[in-house]
1. Can you tell which of 90, 106, 133, 102 is under 30 Å from residue 167 (Cβ atoms) and modelled with pLDDT under 85?
2. Does any residue of region 61-68 turn out to be more than 30 Å from residue 13 (Cα to Cα) and at pLDDT 95 or above?
3. What tally of residues in region 171-195 results from selecting those that are at pLDDT 65 or above, surrounded by 12 or more Cβ atoms within 10 Å (Cβ to Cβ) and outside any helix (DSSP H, G or I)?
């Protein structure tokens, strides 16, 4: 939280956005508090899009709205063995679901779909890996905090100073099989000296 406050960001907890008045440049919180803003990016969480499965199999929907999934990534309804689910909409034992979690689940689901197409029983099982619960949040151009959580619910936070002005984006481009975009270093240096 200190990293966000150091950037001049007001941190409001235990409240929720309920309305936005664009003309006045104000948002209203559930508590009734009004907050002025120039631009709103509403990141108040996500609501899983599980409506279709809820119609087919109401008992497969968890209290969170996510779809209950077996380790094979099939929905938890034996009457619908050919329906698989992965990613944000899947309710699994993952400690901190994110893109790494979704990728692991998708791989298991795809392998099991291929087995099923061959007339075989799906046998591949998704098992959360500790590294999946790792998230790095950048705080401006020169700070970050890394969050890790283990399977027991223990959480660790590691604040850090960043030296890579591109915030490790080149590695991501390479990982995705693309040539990284290279910023003009002089322009970046000038920009960071103005911040």
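1. Details: 90 fails: modelled with pLDDT under 85; 106 fails: modelled with pLDDT under 85; 102 fails: modelled with pLDDT under 85.
Going through 90, 106, 133, 102 in turn, just one is under 30 Å from residue 167 (Cβ atoms) and modelled with pLDDT under 85: 133.
2. Step one: list which residues in region 61-68 are more than 30 Å from residue 13 (Cα to Cα), which gives none.
The answer is no; no qualifying residue exists.
3. Counting residues in region 171-195 that are at pLDDT 65 or above, surrounded by 12 or more Cβ atoms within 10 Å (Cβ to Cβ) and outside any helix (DSSP H, G or I) gives 1.
The values are calculated or read from the model by the stated rules, or taken from the named source; none is laboratory data. All values derive from a computational prediction rather than experimental measurement. Cβ coordinates were reconstructed from backbone atoms using ideal geometry, including for glycine residues, and neighbour counts include every protein chain displayed.
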